[in-house]
Amino acid sequence: MNLLPYVFVLFAAMLWGTVGTTQTFLTKGISSFGVAGVRSAIGGGLLLVIVLAMRKINFRTWSWKWTILAALTIALFQSLFFASVRYTGVAVGTVITIGSAPVFAGVIEWLFWKGRPSQVWGMATGLAITGCVLLFVNHGEAVIDPFGIILALCAGFMFALYTNVSKQLMKHEETLPAVAMTFTFNYLCESYS
């Protein structure tokens, strides 16, 4: 069994999981849009160079609608997430964003694509809501800023929307070129905002 793909996924998850914490060490003068933009420029730009070298993109037949929608939703997700972390801290912002995203994803899929939520989704949603409620009743040192909570919920919604839109994009395009194009356009969205 080839373990390399699993190692790459684990490494990517570790990097993704530290982005909120990393952002808190940046100086106060750097905006959430700037952090998200640099992140997308490096990741999307590198992937775009790779897929262009591999000749995996046909610009004439490309699924532009789904790519632009995916780029807008991930741009909004990143900016909202980084802003929520600044207002309410890494732990609260991350837990609420990650906990709410699957809930929103199931609702979006049900409303827009008529996919019926499964029992597994129902159980996971119940656990996510329970975890968020437990976070609110915590009497520790966590900062619970209502505006930060709203930003984190909006970030969760945008990530859920991105997930659903990306699923539509993947029906038309290969995964690597789709991600490269999405994050390149994401950078363009963030650089003009």
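The values are calculated or read from the model by the stated rules, or taken from the named source; none is laboratory data. Bear in mind that the values here come from a model prediction, so they are computed numbers and not experimental data. Heads up, the Cβs are rebuilt from the backbone with ideal geometry, glycines too, and the neighbour counts pull from every protein chain shown. Quick note on the areas: whole protein, heavy atoms, side chains included, nothing else; ligands and nucleic acids left out. Shrake-Rupley method; radii C 1.70, N 1.55, O 1.52, S 1.80 Å.
Here are some notes:
- Hey, L69 open to solvent by less than 80 Å² (accessible area, probe 1.4 Å), among the aliphatic types (A, V, I, L, M), in a helix (DSSP H, G or I) and touching a helix residue (DSSP H, G or I) at 6+ places or on another chain (Cβ under 7 Å) or not: yes
- Tabulated pairs, the range 163-174, first among the basic types (K, R), second open to solvent by less than 90 Å² (accessible area, probe 1.4 Å) and assigned to a helix (DSSP H, G or I), C-beta under 9 angstrom, 6+ apart or interchain: K167/E109; K171/W66
- Reported count of residues in the range 83-104, each being among the aromatic types (F, W, Y) and out of contact with any Asp or Glu (no Cβ under 9 Å at 6 or more places or on another chain), is 1.
- Selection over the range 96-125 of residues that are open to solvent by 60 Å² or more (accessible area, probe 1.4 Å) and assigned to a loop (DSSP other than H, G, I, E, B) gives a count of 4.
- Every residue from the range 51-66 that is over 20 Å from A101 (Cα atoms) and either within 17 Å of the chain's Cα centre (by Cα) or not in a helix (DSSP H, G or I) (or both): M54, R55, K56, I57, N58, F59, R60, T61, W62, S63
- From the list R39, R86, the lone residue that is assigned to a helix (DSSP H, G or I), of a type in the set (D, E, K, R), closer than 19 Å to G148 by Cβ and open to solvent by 10 Å² or more (accessible area, probe 1.4 Å) is R86.
- Single condition I74 does not satisfy, out of (1) modelled with pLDDT of 85 or more; (2) surrounded by 22 or more Cβ atoms within 10 Å (Cβ to Cβ); (3) in contact with a Ser or Thr (Cβ under 6 Å, 6 or more places away or on another chain): (3)
- Scanning the range 167-193 for residues that are modelled with pLDDT of 80 or more, among the charged types (D, E, K, R) and either open to solvent by less than 70 Å² (accessible area, probe 1.4 Å) or within 18 Å of the chain's Cα centre (by Cα) (or both) returns K167, E173.
- Count - residues of the range 143-157 that are assigned to a helix (DSSP H, G or I) and among the β-branched types (V, I, T): 2
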